[in-house]
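Have a look at the structure below before the remarks.
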C-alpha cells in the first residue's frame with residue numbers, strides 16, 4: 001500500500017474512534033459537533049490533532065483532549081499522538097455537521 005493510502009486509512013480510523021467520544025453536555029459526538037479542526041497523519045504515522053472546545057470554560061476541558069489522545073493512540077498503526085487545543089477560530093454552531101444540527105433540533 002502506498003504511504004498516502006496508509007495515512008488516509010489511519011485518518012479514517014481515527015475519525016471513527018473520535019466519533020465514539022461525546023461532549024458530556026451535548027448528546028452528539030465531538031467530531032460531528034465540529035470540535036476537531038484538523039487530523040494530520042505524518043509519514044512516520046505520528047498524528048497531530050487540532051481541536052477546540054465549545055468554550056474555553058467548558059467543564060470537559062480537562063477530559064476531552066486526553067480522551068481524544070488515548071483513543072487515537074489505540075488505533076493500530078498510530079505511532080504517537082499530539083493534541084493541540086486551540087480557541088481560534090472560536091467554535092460556533094455553524095461548525096456542526098448536518099447530522100448534529102438535526103439531532104439538536106437546529107434544522
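The values are calculated or read from the model by the stated rules, or taken from the named source; none is laboratory data. These figures come from a predicted structure and were not determined experimentally. When we count neighbours, we look across all protein chains shown, and the Cβ atoms used for this are built from the backbone with ideal geometry, even at glycine.
Looking at region 22-36, which of the residues that are touching a strand residue (DSSP E or B) at 6+ places or on another chain (Cβ under 6 Å) and at pLDDT 95 or above is surrounded by the fewest Cβ atoms within 10 Å (Cβ to Cβ)?
Filtering region 22-36 for residues that are touching a strand residue (DSSP E or B) at 6+ places or on another chain (Cβ under 6 Å) and at pLDDT 95 or above, the one surrounded by the fewest Cβ atoms within 10 Å (Cβ to Cβ) comes out as 29.
Just need a number here: residues in region 37-68 that are touching a strand residue (DSSP E or B) at 6+ places or on another chain (Cβ under 7 Å) and either farther than 16 Å from residue 81 by Cβ or free of Cβ contacts under 8 Å to residues at least 24 places away in the same chain (or both).
Matching residues across region 37-68 total 4.
Taking the criterion of being in contact with a helix residue (DSSP H, G or I) (Cβ under 7 Å, 6 or more places away or on another chain), more than 30 Å from residue 105 (Cβ to Cβ), part of a strand (DSSP E or B) and touching a residue at least 24 places away in the same chain (Cβ under 8 Å), would at least one residue in region 71-79 satisfy it?
No; the residues of region 71-79 include none that is in contact with a helix residue (DSSP H, G or I) (Cβ under 7 Å, 6 or more places away or on another chain), more than 30 Å from residue 105 (Cβ to Cβ), part of a strand (DSSP E or B) and touching a residue at least 24 places away in the same chain (Cβ under 8 Å).
Would you check if residue 72 is modelled with pLDDT of 95 or more and within 13 Å of the chain's Cα centre (by Cα)?
So residue 72 passes the test.
Out of all the residues in region 38-57, which are assigned to a loop (DSSP other than H, G, I, E, B), surrounded by 15 or more Cβ atoms within 10 Å (Cβ to Cβ) and touching a helix residue (DSSP H, G or I) at 6+ places or on another chain (Cβ under 8 Å)?
Across region 38-57, the qualifying residues are 45, 53, 54.
Mind counting the residues in region 58-69 that are farther than 18 Å from residue 28 by Cβ and surrounded by 13 or more Cβ atoms within 10 Å (Cβ to Cβ)?
1
Does residue 8 qualify as being in contact with a strand residue (DSSP E or B) (Cβ under 9 Å, 6 or more places away or on another chain), outside any loop (DSSP other than H, G, I, E, B), surrounded by fewer than 14 Cβ atoms within 10 Å (Cβ to Cβ) and modelled with pLDDT under 95?
yes
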